[in-house]
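These notes are about the structure you will find just below.
The values are calculated or read from the model by the stated rules, or taken from the named source; none is laboratory data. Worth saying up front: this structure is predicted, and the values here are computed from it rather than measured. Reconstructed Cβ throughout: ideal geometry from the backbone, glycine too, with neighbour counts over all protein chains shown.
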Amino acid sequence: MNAEKAEEKQDYNPFEHRQVKKPTSDVRSAANLIKSSLGSGLLAGPLAFANAGWGVGLFGTILVGIICGHCIHILVKTSQKCCVLEKKPSLGYAETCKAAFMNGPKGVRRFAGFASVFAEFALLCTYAGVCCIYTVLISDSVKQLVDRFAPSTILPVEYYCLIFLVPIILLCQIRYLKFLAIFSSIANILLLTVYIVCLYYIFGGDITFEGKHAAGNPARYPAFLSTVIFAMEGVGVVMPIENTMKTPQHFLGCPSVLVVAMSIIVFLYGTLGTFGYLRYGDVLKGSITLNLPTEEWPAVLAKVSIALSIFLTYPLQFYVVIDIFTRYTQHRIKENYRQIVQIVARTLGVCACVGIGMALPLLEQILNIVGALFYSILGLIIPSVIETVFRWDDLGKWNWILWKNIFIGLFGLLCLVSGCTVTIMDIIAILHRKTE
């Protein structure tokens with residue numbers, strides 16, 4: 001029984017063997033976790049509620065928050081137990097997948113390598129997609145302001161993507177999570193400012209249930225789930241955050257870094273989604289800030305704040321992409337060249353993400369695709385699979401862990417298939433309208 005073996009080998013404490021150059025405090029770790037989840041996903045909340053209805057939206061947000069939080073919990077718990085069995089101080093996301101299979105039933109051990117490669121590929125695609133979304137959101141927000149205050153210099157959104165290319169490249173040269181946590185804290189303050197300004201405009205108008213549905217069209221529920229999962233999940237940076245904490249024991253438990261962060265995320269998303277939908281109805285855009293007036297200074301403050309907040313969060317999301325590259329290439333590169341290779345890789349990586357964002361400037365649709373496809377795999381399906389494999393000989397009374405994980409896996413698969421189907425149909429409809 002692997003879970004029991006881990007308990008028996010407590011003579012090896014992975015936390016005592018970790019050597020982190022720049023360890024992060026509990027507060028900074030919580031800030032990183034909150035910021036890795038909230039951002040464009042939070043501001044898309046009202047549109048998600050417009051797809052689901054305010055009643056289904058509120059219930060769905062709480063349910064998805066609990067499921068996502070639980071999946072992060074079982075991922076980190078499994079990783080910590082694998083560290084004990086493997087006698088390693090820390091494991092990344094893909095390494096945890098590999099270790100879980102290697103310490104699982106004999107029949108699945110030969111799939112350990114595939115599990116690791118698949119997880120790495122999913123991580124890479126997910127966070128490259130997030131960086132593309134962030135590029136479009138920054139550019140959209142700034143374009144709105146420039147179009148309003150300098151109408152003589154109206155440019156396509158693709159030009160703004162190019163304008164922000166160099167600043168993003170420079171920001172993404174920062175390498176340590178401890179320093180990125182400073183930017184995350186500033187970004188969280190800016191995001192809170194945007195949240196307050198959005199509530200100011202929401203409650204400054206007519207909030208009414210008239211014409212608003214408690215339950216929307218079931219055909220649009222997949223789009224709602226895709227957006228909520230995107231907003232809730234920061235699973236790709238969970239292991240780096242836990243691995244670089246001063247006191248990683250505080251990541252799990254109650255109260256803990258995870259519980260505090262997820263509670264704040266669910267509260268902010270649920271309140272902004274509900275009241276935003278009740279205020280603006282079905283005319284919502286991909287980000288609620290795009291619905292705010294451009295001639296009033298609080299709205300201008302919100303638009304500037306969200307652009308700056310997402311800009312400061314960009315390197316945290318890009319950290320996952322470059323971390324995968326570094327782990328696969330660093331041992332093959334001579335020490336003298338590692339510095340220049342890092343600079344070049346970070347530059348080319350940002351250029352690729354900005355290029356894709358320019359090619360597909362459909363904010364809502366890209367967001368839904370990333371949420372439905374990649375976050376469903378990373379945040380729901382993979383954690384449920386690795387816990388089941390790792391605990392195969394100890395699945396609890398009546399195999400409740402197995403049944404629980406089957407439910408999570410099927411839920412993730414449903415979100416994946418239905419979310420991608422609805423979003424692809426939306427993209428086809430938009431492109432068709434443009435060609436008419």
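Results for (1) farther than 27 Å from Lys246 by Cβ; (2) of a type in the set (Lys, Arg); (3) assigned to a loop (DSSP other than H, G, I, E, B); (4) touching an Asp or Glu at 6+ places or on another chain (Cβ under 8 Å), shown as yes or no for each residue.
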residue: Ala48; (1), (2), (3), (4): yes, no, no, no
residue: Gly55; (1), (2), (3), (4): yes, no, no, no
residue: Phe59; (1), (2), (3), (4): yes, no, no, no
residue: Glu95; (1), (2), (3), (4): no, no, no, no
residue: Ala99; (1), (2), (3), (4): no, no, no, yes
residue: Gly107; (1), (2), (3), (4): yes, no, no, no
residue: Ser116; (1), (2), (3), (4): yes, no, no, yes
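Residues that are in contact (Cβ under 8 Å) with a residue 40 or more places away in the chain, of a type in the set (Phe, Trp, Tyr) and under 30 Å from Pro383 (Cβ atoms) were ranked within region 119-166; the one that is surrounded by the most Cβ atoms within 10 Å (Cβ to Cβ) is Tyr127.
Among the residues that make up region 147-163, is at least one of them in contact with a Phe, Trp or Tyr (Cβ under 8 Å, 6 or more places away or on another chain) and not acidic (Asp, Glu)? Talk me through it step by step, then tell me what you get.
First, pick out the residues of region 147-163 that are in contact with a Phe, Trp or Tyr (Cβ under 8 Å, 6 or more places away or on another chain): none.
No, because not a single residue in region 147-163 is in contact with a Phe, Trp or Tyr (Cβ under 8 Å, 6 or more places away or on another chain) and not acidic (Asp, Glu).
Tell me yes or no: at least one residue of region 350-364 is under 30 Å from Gly107 (Cα atoms) and either buried (at least 22 other Cβ atoms within 10 Å of the Cβ) or at pLDDT 80 or above (or both). Checking region 350-364: not a single residue is under 30 Å from Gly107 (Cα atoms) and either buried (at least 22 other Cβ atoms within 10 Å of the Cβ) or at pLDDT 80 or above (or both). Please find, within region 14-46, the residue that is surrounded by the fewest Cβ atoms within 10 Å (Cβ to Cβ) out of those that are more than 20 Å from the chain's Cα centre (by Cα) and part of a helix (DSSP H, G or I). In this case the residue turns out to be Glu16. Is at least one residue of region 192-207 closer than 26 Å to Thr24 by Cα and not charged (D, E, K, R)? Yes, some residue in region 192-207 is closer than 26 Å to Thr24 by Cα and not charged (D, E, K, R). Taking each residue of region 202-230 that is more than 15 Å from Ser418 (Cβ to Cβ) and looking for partners that are surrounded by 13 or more Cβ atoms within 10 Å (Cβ to Cβ) and among the small types (Gly, Ala, Ser) with beta-carbon atoms closer than 7 Å, six or more apart or interchain, yields Ile202/Gly276; Gly211/Gly281; Lys212/Gly281; His213/Gly53; Ala214/Gly53; Ala214/Gly55; Ala215/Gly53; Ala215/Gly55. Could you grab the pairs with beta carbons closer than 7 Å, sequence gap of 6+ or different chains, first residue in region 389-417 and in a helix (DSSP H, G or I), second one at pLDDT below 85 and polar (S, T, N, Q)? If the second residue must be at pLDDT below 85 and polar (S, T, N, Q), the pairs left are Phe390/Asn2; Gly412/Ser376; Cys415/Ser226; Cys415/Ser376; Leu416/Ser376.
Which residues, taken from region 148-172, are part of a helix (DSSP H, G or I) and at pLDDT 85 or above?
Once the filter is applied, which keeps residues that are part of a helix (DSSP H, G or I) and at pLDDT 85 or above, region 148-172 yields Tyr159, Tyr160, Cys161, Leu162, Ile163, Leu165, Val166, Pro167, Ile168, Ile169, Leu170, Leu171.
Selection of first residues in region 63-88 that are at positive phi and of second residues that are outside any helix (DSSP H, G or I), restricted to Cβ pairs under 9 Å at least 6 apart or on distinct chains, gives the following pairs, ordered by first then second residue: Lys87/Lys9; Lys87/Tyr12. In this structure, Val235 qualifies as closer than 23 Å to Phe318 by Cβ, at pLDDT below 80 and crowded, with 17+ Cβ neighbours inside 10 Å.
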